[in-house]
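The values are calculated or read from the model by the stated rules, or taken from the named source; none is laboratory data. What you see is a predicted model, and the numbers here were worked out from it, not measured in a lab. When we count neighbours, we look across all protein chains shown, and the Cβ atoms used for this are built from the backbone with ideal geometry, even at glycine.
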Amino acid sequence: MRAEGLELTENLRELSSSLKANAERLLRDVLRVHVELTSRIDAIDPAPLTPHEPAHGGGAGGHGGDDELEVPEFIPGAR
């Protein structure tokens, strides 16, 4: 019984180590992709947003002109 318990304990330690290594690898991958996507977004729209500024000019106080999104006409009472 003791030998089985020790083997189980060792297996759980190995599993814990493996799960930790995989979690660290996943976190590094997510951070790498986040940095890549953020840099791509910054290349398209380098102006940082302020907390009260809507993204890409939508809504009140937007950039105006052709870039502003309009409410589609097929939505009754939305204008």
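Miscellaneous remarks
- Single residue of the stretch 4-38 satisfying the filter (surrounded by 10 or more Cβ atoms within 10 Å (Cβ to Cβ) and small (Gly, Ala, Ser)) that is nearest to the chain's Cα centre (by Cα): ALA23
- Single unsatisfied condition, MET1 versus (1) of a type in the set (A, V, I, L, M); (2) surrounded by 10 or more Cβ atoms within 10 Å (Cβ to Cβ); (3) at pLDDT 90 or above: (2)
- First in the stretch 13-35 and among the hydroxyl-bearing types (Ser, Thr, Tyr), second anywhere and surrounded by 10 or more Cβ atoms within 10 Å (Cβ to Cβ), Cβ under 6 Å, 6 or more apart: none
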